[in-house]
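The values are calculated or read from the model by the stated rules, or taken from the named source; none is laboratory data. It should be emphasised that the depicted structure is a prediction, and the values quoted were computed from it without experimental measurement. For neighbour counting, all protein chains shown are included, and Cβ atoms are generated from backbone atoms with ideal geometry for every residue, glycine included.
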Ligand code: NAI
Ligand code: MG
């Protein structure tokens with residue numbers, strides 16, 4: 001089993017080294033190889049996703065990714081910006097299914113932005129389609145309007161599109177995931193206004209015929225945004241397009257206490273995956289040793305479960321994380337009165353000790 005380790009920028013190296021430490025404490029052995037990515041790779045090799053890094057990722061069973069980006073690269077041309085590395089990896093590896101579980105751990109119920117009774121026991125899974133939608137649809141650009149409300153004015157436009165196989169495969173992923181959980185899928189769309197999402201709804205409904213044991217619910221995205229803060233526990237698996245998934249998953253992250261707690265997985269149809277925390281490179285706290293490494297450690301657990309066929313080891317890591325939270329250890333982002341403040345490395349060490 002080979003893991004490509006891509007720490008990246010900002011807090012990336014700090015949090016990834018804690019996850020590597022935790023993986024090293026398991027009795028399962030992996031081959032791990034690191035390479036630069038993002039701004040770090042731009043500095044070292046002049047490109048955010050150098051050929052050697054891409055090759056390493058392509059040849060690995062799984063990729064453990066930190067985060068990329070820093071304000072200092074804002075003036076670079078778009079193709080050389082750190083963020084292009086993650087887009088390039090998704091594209092090259094065909095990673096189309098983004099899993100973002102939002103779990104509110106018992107010990108962090110008080111850290112959520114919602115009332116404790118709304119989030120206690122929360123365990124939902126957002127599955128975001130990652131290759132289609134308005135983010136990649138062509139044509140796009142700027143022009144002088146030939147028609148519309150302001151003919152002759154300068155305008156910008158993007159194209160929202162989804163192909164049937166693209167919707168079918170993400171729907172299958174969602175139904176399969178729901179089968180192993182609460183057996184309910186909520187497909188989020190905007191079918192009342194957008195043809196792309198009427199098509200989405202039709203195709204998801206067709207695929208559902210193969211999964212009669214799973215309940216399917218359709219919901220408009222505006223209502224879903226409201227229900228996520230009104231009664232989040234009513235959801236089990238949410239499946240949606242690229243843009244709605246981007247927004248709803250950030251909304252859901254706040255239910256759990258801190259963005260520093262949220263892992264993610266991006267998978268292709270060969271079970272190869274890229275695993276990363278949901279947050280970015282947090283340049284504001286980089287180098288200070290205070291970043292929460294738990295989202296990255298929990299991403300490593302997802303990696304063991306989805307790509308490396310080690311569900312037992314994954315469960316051990318998740319149990320160890322709960323144990324350190326129960327011990328009252330908290331990085332500053334989740335700290336509250338009466339708990340013990342620890343740094344990044346101390347948190348990683350505590351997880352390793354809890355594993356033993
Ligand atoms: P961010 O997620 O990096 O930070 C947002 C806020 O959350 C900051 O105050 C930060 O200190 C805090 N935070 C994030 N992770 C934390 C952790 N593990 N522990 C404690 N606090 C944490 O988002 P922001 O500031 O919008 O973006 C910073 C850079 O990250 C940008 O260059 C952006 O493009 C990049 N980015 C990269 C992503 C990726 O690599 N997949 C995803 C999102 C942003
Ligand atoms: Mg986002």
Taking the range 229-245 as the search range and keeping residues that are part of a helix (DSSP H, G or I) and away from ligand 2 (no atom under 15 Å from the Cβ), which one is farthest from the chain's Cα centre (by Cα)? 230
Tally of residues being more than 13 Å from residue 13 (Cα to Cα) and assigned to a helix (DSSP H, G or I) across the range 24-48: 5
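Does the range 224-233 hold any residues that are more than 24 Å from residue 167 (Cα to Cα) and either touching a helix residue (DSSP H, G or I) at 6+ places or on another chain (Cβ under 9 Å) or in contact (Cβ under 8 Å) with a residue 12 or more places away in the chain (or both), and which are they?
Our first condition is that a residue be more than 24 Å from residue 167 (Cα to Cα); within the range 224-233, this holds for 226, 229-233.
Listed by number, the residues that qualify are 229, 230, 231, 232, 233.
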Can you name every residue in the range 279-294 that is surrounded by 23 or more Cβ atoms within 10 Å (Cβ to Cβ) and in contact with a strand residue (DSSP E or B) (Cβ under 6 Å, 6 or more places away or on another chain)? 281
It is to be established whether one or more residues within the range 246-259 are within 15 Å of residue 169 (Cα to Cα) and more than 16 Å from ligand 2 (Cβ to nearest atom). no
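Check every one of the strands (runs of 3 or more DSSP E) wholly within the range 141-217 and list those with 1 or more residues that are surrounded by 13 or more Cβ atoms within 10 Å (Cβ to Cβ).
Details: elements: 141-144, 154-157, 184-189.
Hits in the range 141-217: 154-157, 184-189.
When the residues of the range 74-86 are filtered to those that are more than 20 Å from residue 277 (Cβ to Cβ) and surrounded by 11 or more Cβ atoms within 10 Å (Cβ to Cβ), which remaining residue is farthest from the chain's Cα centre (by Cα)?
Initial filter on the range 74-86 (more than 20 Å from residue 277 (Cβ to Cβ)): 74-80.
If we keep only those that are surrounded by 11 or more Cβ atoms within 10 Å (Cβ to Cβ) as well, we get 76, 80.
Values: 76: 26, 80: 23 Å.
Taking the candidates together, the pick is 76.
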Say whether the condition of being assigned by TED's automatic domain parsing to the domain that holds residue 352, in contact (Cβ under 8 Å) with a residue 60 or more places away in the chain, within 16 Å of ligand 2 (Cβ to nearest atom) and surrounded by 24 or more Cβ atoms within 10 Å (Cβ to Cβ) is met by at least one residue in the range 296-316. yes
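Within the group 280, 289, which residue is in the same structural domain as residue 23 (by TED's automatic domain parsing) and in contact with a helix residue (DSSP H, G or I) (Cβ under 8 Å, 6 or more places away or on another chain)? Steps first, answer last, please.
Numbers: 280 fails: in contact with a helix residue (DSSP H, G or I) (Cβ under 8 Å, 6 or more places away or on another chain).
Being in the same structural domain as residue 23 (by TED's automatic domain parsing) and in contact with a helix residue (DSSP H, G or I) (Cβ under 8 Å, 6 or more places away or on another chain) holds for just one of 280, 289, which is 289.
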The lone exception for residue 267 - which of (1) within 11 Å of the chain's Cα centre (by Cα); (2) within 16 Å of ligand 2 (Cβ to nearest atom); (3) crowded, with 20+ Cβ neighbours inside 10 Å it fails: (2)
Is it the case that the range 122-129 has a residue that's out of contact with any helix residue (DSSP H, G or I) (no Cβ under 8 Å at 6 or more places or on another chain), in a loop (DSSP other than H, G, I, E, B) and in contact (Cβ under 8 Å) with a residue 12 or more places away in the chain? no
Checking 50, 13 in turn, the sole residue that is closer than 26 Å to residue 285 by Cα and either crowded, with 23+ Cβ neighbours inside 10 Å or modelled with pLDDT of 95 or more (or both) turns out to be 13
